1. Mind jotting down the three principal axis lengths of segment 125-238 based on Cα atoms? Whole angstrom, largest first.
2. Farthest toward the dipole's positive end in segment 344-405, which of Val348, Gln384, Ala365, given Cβ charges of +1 (Lys, Arg) and -1 (Asp, Glu) about the Cα centre?
3. Within 10 Å of each residue's Cβ, count the other Cβ atoms and sort Phe62, Phe120, Phe109 from fewest upward.
4. Give, to the nearest whole percent, the P(r) tail of segment 333-464 beyond 18 angstrom, counting all Cα pairs.
5. Taking a cut-off of 14 Å, what percent of all Cα-Cα pairs in segment 129-192 are separated by more than that?
6. Report, in whole Å, the centroid distance computed from the Cα atoms of segment 324-382 and segment 398-438.
7. Stick to the Cα atoms of segment 161-228, pair each with every other, and give me the Kirkwood hydrodynamic radius in Å at one decimal.
8. For segment 35-40, what does the Karplus curve 6.51 cos²θ - 1.76 cosθ + 1.60, with θ = phi - 60°, yield as ³J(HN,Hα) per residue in whole Hz, taken in order and with x for Gly and Pro?
Amino acid sequence: MKRIAIIGGGIAGLSAAFYLQQAKRGGAALEYVLYEAGERLGGVLRTERVDDCLVEAGPDSFLTEKPWAAELCRELGLEDQLLGSNDQLRRTWIVVNRRLRPLPDGLQFMVPTRTWPIVFSRLFSARTKLRMVGELFSPARTPSGDESAAELVERHFGREVVERLADPLLAGVYGGDAARLSARAVLPRFTEMEAQTGSLIRGMLAARRKRAGAPAQPLFSSLKDGMQQLVDAVVARLDPAALRRSAPVTGLRREGARWSLALAASPAESFDYAVLAIPAFRASDLLETVSPALAAVLAQVPYNNAMTLSLGFDAESILPSVGSRFHTGHGFLVPRREGRCLLACTYVHNKFPHRAPPGRVLLRAFLDDRHRDLAGLRDEEAVQVARLELRAVLGLYAEPRFARLYRWPAAMAQYEVGHLDRLAEIERLRAQLPGLALIGNAYRGIGVPDCIRSGRDAAKDITQTL
Ligand SMILES: Cc1cc2nc3c(=O)[nH]c(=O)nc-3n(C[C@H](O)[C@H](O)[C@H](O)COP(=O)(O)OP(=O)(O)OC[C@H]3O[C@@H](n4cnc5c(N)ncnc54)[C@H](O)[C@@H]3O)c2cc1C
């Protein structure tokens, strides 16, 4: 009987446990124990019911095109609980000089694929539009090392597209800065297209032609009762005796071919495998004596904080001229150049209508807690500052029925320039330590589906060696 320790009960660790549990049911001779430092499982996945609204504290959905989350839901029997985003109402605005400008139709991520919407768009200057025409003639480019996402986008479309699109879009996904994020890690499709066709526009159009005829699917998916439903369903399938909550792992030692775990409140335990589903800097702490070299590279993966504010309103309490803004659209993004601590705002009642009862407006704001207006503020003060920002952008003076602020310190791994080289080094050093797996959002994808895939793959690798 092989013993496996999973350290960290976020979605990555839970997925590893689920797939190990499945293998066990299928007859694999294994036993696993999952250690979670906190009282609850799920990590940043957490849904609350507030005033008849479904409020997501962490992720609100996942990208449908990445299949691993939906696959897990199906394996859990949650297929009929999956919901697509309401893309009929999908429209996004960008704040430019304090005004909301719609994203033109046909933009795929940040690449234009339709002519007239761009021609008439007030989001871009004439100079940028001309640049987009010129981009069609970009020659193929042999990749030479890594660069920032901002550099890649600027080379194709100019500075304005970096500021108005790349930076706010990437801030929305990574909570990071396009000037620091690695093009190869966060925009891999763009670097491939650049190598193959030169032009990103031509590359996108070719990809669209290939997809033609495939059934349209919603951009985002979630669950009827929110992301917590996924966590609860996974936990319900696991062996309760294998789940140790409030059990931080404080140290890791190699004992011959085995792993010894030091625990804060109980004696050390010994395992054949250790799956580290925790942030890279925590994995670095645990591995410091086992492999100082690996610990040093893991410590180099930077993290940013995340902060969200959910606000629920009676639609009637909002002035009609302002309320009409909320009839359509999924929300807006705020480029950093605008100097605001508000990074984005989702109109949740449009994106996932079942999350708010009729007659309500449910907003979720993403805030930059490093911004000077927010740094060091208590929650009540931060809510007031965020409301002032919403007032400035939307003219929203109404009193909310509720406000919920969530802080996630050091939750967003930053795939900065050189990330893939760092990953290769981490992999090389990890391979010298048989029985060790590193999973979660620090490595090959920050989104929920990628974290699930990392847990599933770790479980598969382990069961294959049994
Ligand atoms: C506000 C926010 C919004 C997001 N929105 C989306 C979205 O809409 N779609 C999407 O796909 N992704 C989104 N993400 C990203 C995604 O949710 C995360 O990257 C992913 O859930 C991380 O999962 P994880 O298991 O790697 O880590 P975590 O969820 O951070 O879990 C790690 C766990 O390890 C535990 N731990 C740490 N140290 C120890 C220790 N020594 N011993 C035991 N346990 C330990 C922690 O307590 C924690 O529970 C969002 C993230 C945030 C913060």
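1. Result, largest extent first: 54, 36, 31 Å.
2. Positive-end residue among those listed: Val348.
3. Details: Phe62 24, Phe120 9, Phe109 14.
Fewest-to-most ranking of Phe62, Phe120, Phe109: Phe120, Phe109, Phe62.
4. Working: 5909 of 8646 pairs.
Value for segment 333-464 (Cα pairs over 18 Å): 68 percent.
5. Numbers: 1118 of 2016 pairs.
Counting pairs separated by more than 14 Å, the tail of P(r) holds 55 percent.
6. After rounding, the separation between the Cα centres reads 23 Å.
7. On the way: mean 1/r = 0.0692 Å⁻¹.
Over segment 161-228, the inverse of the mean reciprocal pair distance is 14.4 Å.
8. Per-residue couplings from phi come out as 9, 10, 5, x, 7, 10 Hz.
No value in this document is a laboratory result; all are computed from the given coordinates. Since this is a predicted model, take the numbers as computed values, not measurements. For neighbour counting, all protein chains shown are included, and Cβ atoms are generated from backbone atoms with ideal geometry for every residue, glycine included.
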